[in-house]
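Following: one structure in structure tokens, then a few remarks.
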């Protein structure tokens, strides 16, 4: 497992909000854009990859205690969504990578043995 801070650094993510839980441990990633499905399956130790820019993303992340939302494909947060993320203390970052590649990078980071 890696911490939120370690993942942000290793992936070179752009931090959009504060890093509210820098020591929260991430065991794997979760990719999904259908909110009802994500709500049913996202775990509190997963980084969530999505292209959605919706206030409901923050609601689902908060409900599932997700410590890190990663917006892929250069998606930018609308101001209202950004404010809600700050209010709920959800760390949101972005990458220009598509969801597949971003999740592959996370997979490699989580499965690389440190020497």
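Treating the angle as unsigned and between 0 and 90°, give the value, to the nearest 10°, between the Cα long axis of helix 99-110 and the longest Cα principal axis of the chain.
With both axes taken from Cα atoms, the answer is about 40 degrees.
If the chain between residue 79 and residue 98 were fully stretched, how many nm would it gain, using 0.36 nm times the residue separation less the Cα-Cα distance?
4.6 nm
With a 10 Å Cβ neighbour count serving as the proxy for reagent exposure, in which order, fewest first, do 50, 112 appear?
Ordered by Cβ neighbours within 10 Å, fewest first: 112, 50.
Using the Kirkwood radius over C-alpha pairs as Rh, can you work out the diffusion coefficient of the range 29-115 via Stokes-Einstein at 20 °C, viscosity 1.002 mPa s, in µm² per second? Display every interim value, and only then the final one.
On the way: Rh = 13.0 Å.
Estimated via Stokes-Einstein, D reaches 165 µm²/s.
Explain nothing, just the number: relative contact order of the range 2-110, from Cα pairs under 8 Å at least 6 residues apart, as a whole percent.
33 percent
Can you give me the distance in nm between label points at residue 56 and residue 87, each placed 7 Å from the Cα along the Cα-to-Cβ direction?
With each label point 7 Å from Cα toward Cβ, the separation is 1.8 nm.
Report for the chain the percent antiparallel among DSSP-assigned beta bridges with both residues inside it, nearest 5.
25 percent
Laboratory data are not the source of any read-out in this text; all were calculated from the coordinates shown. All values derive from a computational prediction rather than experimental measurement. Note: ideal-geometry Cβ built from the backbone for every residue, glycine included; neighbour counts use all protein chains shown.
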